[in-house]
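Working notes, structure below.
The values are calculated or read from the model by the stated rules, or taken from the named source; none is laboratory data. Just so we're clear, the structure is a prediction, and the values are computed from it rather than from any experiment. Neighbour counts are summed over all protein chains in view; Cβ atoms, including those assigned to glycine, are modelled from backbone coordinates with ideal geometry.
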Amino acid sequence: MKKLSFKQYLLIASLIFGMFFGAGNLIFPVHLGQLAGKNWLIAAIGFIISGTLIPLAALLALAVTRADGIFGLARPLGKKFALGFLILVHLTLGPLFATPRTATVPFSMFSSHFSKGMQPIALLIYSAIFFGLVYYFSLSEGKITERVGKMLNPAFLGLLFIIFFIALIKPMGATSTTAATSDYLKAPMINGFLQGYNTLDALAALAFGVTVVTAIRSFKIKEGKDTSIALAKTGLMSFLGIALIYLVLALLGATSLHYFKLSANGGIAFAQIANHYMGTFGEALLATLATITCMSTAIGLVVAFAQDFHKRFPKISYRTFLTFNCGISFIIANFGLDTIISWSTPVLMFLYPLAIALILCGLSSKLFKNDSRVYKWTVSLTIIPALLDGLNAAPAVLNQSAFAQSILTFAGRYIPFFSYGMGWLTFGIAGYLIGLGIHFFKLSAEPAGETA
């Protein structure tokens, strides 16, 4: 068995950490802590499961199946489904949600210094400059920014750990006396799990995880089993670090309720915490580093989007896809962070269960020899309840119609865990078990020497 050296393990672990942790990952665990209050720890555990363990499982699924990304992993469901799922994921990671969010997250960290009337104008100017620079640097397919990211990401993390250190020495108060919102009194772990969808890291792992697998294989590790073991070890190292950061951020959010009201989003909350511990200078430095870090993330997203779509649709140029992505991202960014989050939630409630179903099938594919029937049963029974979960989480303009309410009332009565936003769970498991049963039944029924 070929093994990585300790230095190589650290290199791959730092690559994974850099790919998955950015400024955007700060805001959701902080907001989670504010929402969960005294139940912050249970909620954070749920958040960590969906925010770190599922992305790690996605990387392992790519290694086990030797897939070249989303399309390859979803290929057993047919080319049309694989292409459709790839487009949906890239639109979510690209111009619809994740890429516009890279501009609105750092803006939210200093937006309170503008009056409410001035905030839309300030966001317009800020996002125009932000995406103008993103477009300019991405023309060379992002290569210019590699060194910048390597220098600035450690600086950003350094500032983050200074805030953590001061907060541990001088906590804002005890979490046991902070109030939890109604959802987090009823089901803190499930709601924490659903909040973890907002990191988008499971989708990102499917889209860009092949980069990590390729990096491991560049160290002359060719066997699938060796690659999976190396990936499991390095992924565990990096995601453990991310999980610890999430825990501290959730704790900061919960304790901040002693000084601040529940914020509209985690960007505002984290800016308030930074100001509390480091004053205006610390808040300004945080916003500056977050801007540069998010810009680096945005460049990675728009480059990957343009490259992948140009590969699938070669008649359309890389530059055309890049222009489209940056232009639409700029427009959507100006709706504001809160609006982006509210509209991304139903999409993620639909896409994440499908991604989890694919990851489960990919991880266990050797058990059933990658039989497409297992994939089809699992995903087919996941789609409808996931779609209903998405509708239930949608803004009122979509789910308050009489037709939508009748469907949701029916689902609430007959679909287990629907009221918790997990209606897909029992259906997905049932589909997986049915698929396995059919595979092994067909296998046992075939004459000796034939395969399923």
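Observations
- The range 176-224 - residue that is modelled with pLDDT under 90 and either acidic (Asp, Glu) or within 17 Å of the chain's Cα centre (by Cα) (or both) and, of those, farthest from Leu4 (Cα to Cα): Ala207
- Pairs with Cβ under 6 Å, 6+ apart, first in the range 411-423 and outside the structural domain of Gly46 (by TED's automatic domain parsing), second crowded, with 21+ Cβ neighbours inside 10 Å and among the acidic types (Asp, Glu): Gly421/Asp389; Gly423/Asp389
- Residue satisfying condition, being more than 19 Å from the chain's Cα centre (by Cα) and assigned to a helix (DSSP H, G or I), within set Phe330, Phe305, Phe335: Phe330
- Checked against the criterion of being part of a helix (DSSP H, G or I) and surrounded by fewer than 24 Cβ atoms within 10 Å (Cβ to Cβ), the candidates Leu73, Leu32, Leu88, Leu62 yield just one match: Leu88.
- Test: residue in the range 332-347 that is among the aromatic types (Phe, Trp, Tyr), touching a residue at least 24 places away in the same chain (Cβ under 8 Å) and in contact with a helix residue (DSSP H, G or I) (Cβ under 7 Å, 6 or more places away or on another chain): no
- Pairs are defined by a Cβ separation below 9 Å, a sequence spacing of at least 6 or placement on different chains, a first member in the range 357-377 that is touching a residue at least 40 places away in the same chain (Cβ under 8 Å) and among the β-branched types (Val, Ile, Thr), and a second member that is part of a loop (DSSP other than H, G, I, E, B) and surrounded by fewer than 18 Cβ atoms within 10 Å (Cβ to Cβ); the pairs so defined are Val374/Ser364; Val374/Leu367.
- Between Ala36, Ala82, Ala57, Ala63, the distinction of being assigned by TED's automatic domain parsing to the domain that holds Ser256 and closer than 28 Å to Gly158 by Cβ belongs to Ala36 only.
- The residues in the range 13-29 that are in contact with a Leu (Cβ under 9 Å, 6 or more places away or on another chain), among the hydrophobic types (A, V, I, L, M, F, W, C) and crowded, with 23+ Cβ neighbours inside 10 Å can be counted, and the count is 6.
- The set of residues in the range 348-403 that are assigned to a loop (DSSP other than H, G, I, E, B) and of a type in the set (Lys, Arg) comprises Lys366, Lys369.
- Residues (part of a helix (DSSP H, G or I), surrounded by fewer than 24 Cβ atoms within 10 Å (Cβ to Cβ) and within 19 Å of the chain's Cα centre (by Cα)) located in the range 96-121: Leu96
- Test: residue in the range 284-293 that is part of a helix (DSSP H, G or I), without any contact (Cβ under 8 Å) to a residue 40 or more places away in the chain, surrounded by fewer than 22 Cβ atoms within 10 Å (Cβ to Cβ) and touching a helix residue (DSSP H, G or I) at 6+ places or on another chain (Cβ under 8 Å): no
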